[in-house]
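Please read the structure below before turning to the comments.
The values are calculated or read from the model by the stated rules, or taken from the named source; none is laboratory data. These numbers were taken from a predicted model, which means no experiment stands behind them. Glycine gets a Cβ as well: all are built from the backbone with ideal geometry, and neighbour counts include every protein chain shown.
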Amino acid sequence: MNQGDSAAIRWTGGLTRYPVVVRSVAAVFAGVLLFGSFPPRPWWFLAPAGIALLTLIVRSGTGLRSGFGYGFLAGLGFFLPLLPWTGIYVGPLPWLALSTACAVYLGLFGVLGRILGRLPGWPLWLALAWTAAEWGRSSFPFGGFPWGRLAFGQADGWFLPLAAYGGAPLVSFAVALSGTCGAAVVLGLLRESGSPRGGRVATAAAASTCVLLAAAGLGLGATLPGPMEGDRTITVAAIQGSVPRLGLDFNAQRRAVLDNHVRRTEQLADDVTSGLFPAPDVVVWPENSSDIDPLRNPDAAALISATARRISAPILVGAVLVNGDGTTTNSVMVWTAESGPGDRHDKKIVQPFGEYLPMRGFFRLFSDYADRAGYFVPGHGDGTIRAAGTEIGVATCYEVAFDRAFRDSLHSDAQLLAVPTNNATFGESEMTYQQLAMSRVRAVEHGRSLVVAATSGVSAIIAADGSVRQESALFVPEALVAEVPLRGSHTPATVLGPWPELVAVFVTVAGVVISIVGRRVRRRAETATAPARD
């Protein structure tokens with residue numbers, strides 16, 4: 001057992017006769033700190049503190065099982081309060097199941113922490129382990145669930161500019177590394193004054209790393225493009241028509257939802273005529289703004305065309321399209337008064353257990369709501385549509401949580417990003433603010449202005465530096481209008497794509513192998529040199 005482990009044990013176990021209870025409660029609290037760093041709270045700085053506390057607990061355990069257990073408890077403390085919106089209208093079972101599944105990945109981090117904590121420079125190894133665990137949760141099963149990545153709680157923090165250089169994985173890594181280095185500093189201070197000089201050097205290095213990470217984030221913030229810096233500008237409008245009622249059956253009045261968005265767009269047209277707003281070059285409607293299939297319903301098509309004529313601009317219409325086999329497609333179409341539907345993006349990353357249900361027959365045994373899950377199928381294409389002479393990259397609602405959502409569109413020269421979303425099915429929960437933070441991270445990651453259009457809010461216009469230029473209130477019909485710059489250059493994060501995260505995963509695996517092999521070699525050496533017994 002190394003000196004850091006001994007110090008951690010004294011820290012947690014020397015205060016009580018029940019160290020396991022204390023560690024378990026502290027692990028849950030570490031998860032609560034992670035939750036507290038997420039919007040709508042601006043307390044992004046709680047995330048490094050949560051990682052530091054969890055690291056101390058994991059390193060104070062006595063085996064791999066304890067590492068998993070403490071990590072799992074931290075996961076429950078994190079995800080249970082983060083994800084209650086998943087069960088608002090369908091009961092607690094999906095919320096509890098999803099939170100438990102996500103907590104398993106923090107348990108995996110706890111196991112990796114026990115293994116990699118034996119290596120020199122363990123704060124770095126544990127930060128890599130966190131990155132690898134986030135990659136796993138964002139990939140498996142059913143395509144993964146990236147919600148709750150550390151990066152998505154940092155939209156107001158010092159580390160946000162790092163997204164332009166390595167995307168969300170680099171931001172998460174920086175937060176994790178600041179936390180693990182913080183834990184190393186605490187352990188160093190807990191050591192006796194007579195500790196070896198090497199231990200003092202390691203403590204100083206960990207403290208310096210914390211300072212350098214903060215300085216890097218603050219310094220790189222100056223390199224981000226300004227809110228109006230670009231090759232040229234266009235004027236965009238985001239329409240939030242709101243919905244007749246919240247819940248899973250909000251679209252039972254589908255014509256009312258369409259009418260709401262038509263009405264608010266027509267009001268904007270009147271305001272443009274009156275000189276209150278500049279004329280938009282393109283108008284963005286939310287996901288599900290027309291749940292009546294306008295390709296099959298002439299009335300809906302005529303209404304949208306008339307609205308596009310009234311506003312004198314193409315409209316990006318979020319529509320549910322019915323396929324010939326009975327499946328549906330969640331699409332965003334460019335609609336003009338002259339030619340009707342044009343380019344379209346069919347949502348490629350569809351939401352399991354919502355838009356479709358894997359293993360439907362099995363899950364039907366547990367909940368009647370299984371039959372209410374959709375039959376959506378994923379689309380294809382590069383996620384780019386052309387409107388008003390501009391290439392626009394689209395990530396519909398759930399897609400924005402995934403790193404890969406905008407990659408193809410950026411490689412197809414998208415100059416502006418759009419996130420049409422429908423949050424009416426999640427009521428007044430924190431979900432919409434969590435998603436808005438993701439959009440802010442994506443804007444910085446790719447160096448693009450980004451338009452969020454939500455049915456019931458929150459809609460926003462976001463600059464390439466992640467700042468929110470305009471934002472709507474919840475459940476209020478609104479039109480946001482702004483002139484935004486278009487850019488053709490690419491950030492390092494866009495160019496590098498998934499490679500920084502994959503490298504972190506590969507290095508973590510290599511570290512696990514090195515640690516396990518090294519431990520076996522040491523055990524054999526100890527056995528060979530042990531004195532023979534009579």
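Among the candidates ARG440, ARG448, ARG469, ARG519, single out the residue that is in the same structural domain as ALA127 (by TED's automatic domain parsing) and of a type in the set (D, E, K, R). One residue alone meets the criteria, ARG519.
Can you spot a residue in the range 400-407 that is surrounded by fewer than 18 Cβ atoms within 10 Å (Cβ to Cβ) and either out of contact with any Asp or Glu (no Cβ under 8 Å at 6 or more places or on another chain) or without any contact (Cβ under 8 Å) to a residue 40 or more places away in the chain (or both)? Yes, because at least one residue in the range 400-407 is surrounded by fewer than 18 Cβ atoms within 10 Å (Cβ to Cβ) and either out of contact with any Asp or Glu (no Cβ under 8 Å at 6 or more places or on another chain) or without any contact (Cβ under 8 Å) to a residue 40 or more places away in the chain (or both).
Taken together, ALA418, ALA414 contain a single residue that is in a loop (DSSP other than H, G, I, E, B) and buried (at least 19 other Cβ atoms within 10 Å of the Cβ), which is ALA414. For VAL171, indicate whether it is β-branched (Val, Ile, Thr), assigned to a helix (DSSP H, G or I) and closer than 21 Å to ALA222 by Cα. Yes: the conditions hold for VAL171.
Per-residue answers, yes or no, for (1) farther than 30 Å from GLY427 by Cβ; (2) small (Gly, Ala, Ser):
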| site | (1), (2) |
| --- | --- |
| SER60 | yes, yes |
| ARG65 | yes, no |
| VAL111 | yes, no |
| LEU124 | yes, no |
| TRP147 | no, no |
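Counting only strands (runs of 3 or more DSSP E) wholly contained in the range 290-390, the ones carrying 3 or more residues that are surrounded by 17 or more Cβ atoms within 10 Å (Cβ to Cβ) and touching a Leu at 6+ places or on another chain (Cβ under 8 Å) occupy 328-336. All of (1) out of contact with any Ser or Thr (no Cβ under 6 Å at 6 or more places or on another chain); (2) modelled with pLDDT of 95 or more; (3) not in a loop (DSSP other than H, G, I, E, B) hold for THR425 with one exception: (2). For the range 287-346, a tally of residues being free of Cβ contacts under 8 Å to residues at least 12 places away in the same chain and acidic (Asp, Glu) returns 3. With respect to ALA418, determine if the residue is of a type in the set (A, V, I, L, M), modelled with pLDDT under 95 and either out of contact with any Lys or Arg (no Cβ under 7 Å at 6 or more places or on another chain) or farther than 19 Å from THR384 by Cα (or both). So ALA418 does not fit the description; no.
The residues listed here are ALA510, ALA525, ALA532, ALA493; of these, the one that is of a type in the set (A, V, I, L, M), in a helix (DSSP H, G or I) and modelled with pLDDT under 95 is ALA525.
Looking only at residues in the range 33-44 that are surrounded by 19 or more Cβ atoms within 10 Å (Cβ to Cβ) and not small (Gly, Ala, Ser), the one that is farthest from VAL186 (Cα to Cα) is PRO39.
For the range 139-164, taking the residues that are touching an Asp or Glu at 6+ places or on another chain (Cβ under 9 Å) and over 23 Å from ALA74 (Cα atoms), the one that is surrounded by the most Cβ atoms within 10 Å (Cβ to Cβ) is identified as ALA163.
Restricting to the range 31-46, name every residue that is aliphatic (A, V, I, L, M) and closer than 13 Å to LEU80 by Cα.
Kept after step one, since they are aliphatic (A, V, I, L, M), are these residues of the range 31-46: 32-34, 46.
The answer is VAL32, LEU33, LEU34.
When PHE29 is tested against (1) over 22 Å from MET438 (Cα atoms); (2) buried (at least 20 other Cβ atoms within 10 Å of the Cβ); (3) modelled with pLDDT of 95 or more, only condition (2) is not met. Taken as a whole, the structure places ARG264 among residues that are out of contact with any His (no Cβ under 7 Å at 6 or more places or on another chain), touching a residue at least 60 places away in the same chain (Cβ under 8 Å) and not aromatic (Phe, Trp, Tyr).
Any chance the range 55-78 includes a residue that's touching a Ser or Thr at 6+ places or on another chain (Cβ under 6 Å), at pLDDT 90 or above and within 30 Å of PHE362 (Cα to Cα)? Give the steps one after another, and end with the answer.
Within the range 55-78, the subset touching a Ser or Thr at 6+ places or on another chain (Cβ under 6 Å) is 55, 60, 73.
Now narrow it down to the ones that are at pLDDT 90 or above: 55, 73.
Narrowing further to those that are within 30 Å of PHE362 (Cα to Cα): 73.
Yes, that holds for at least one residue.
Looking across GLY230, GLY167, one residue alone is crowded, with 21+ Cβ neighbours inside 10 Å, closer than 22 Å to ALA463 by Cα and modelled with pLDDT under 95. It is GLY230. Checking the condition surrounded by 24 or more Cβ atoms within 10 Å (Cβ to Cβ) and within 16 Å of ALA214 (Cα to Cα), which residue from ALA133, ALA176 passes? Matching residue, one of ALA133, ALA176: ALA176. Scanning the range 55-81 for residues that are crowded, with 24+ Cβ neighbours inside 10 Å and not small (Gly, Ala, Ser) turns up THR55, LEU56, ILE57, VAL58, ARG59, TYR70, LEU73, PHE78, PHE79. Pairs are defined by a Cβ separation below 7 Å, a sequence spacing of at least 6 or placement on different chains, a first member in the range 206-227 that is assigned by TED's automatic domain parsing to the domain that holds ALA164, and a second member that is surrounded by fewer than 19 Cβ atoms within 10 Å (Cβ to Cβ) and among the acidic types (Asp, Glu); no pair meets this definition.
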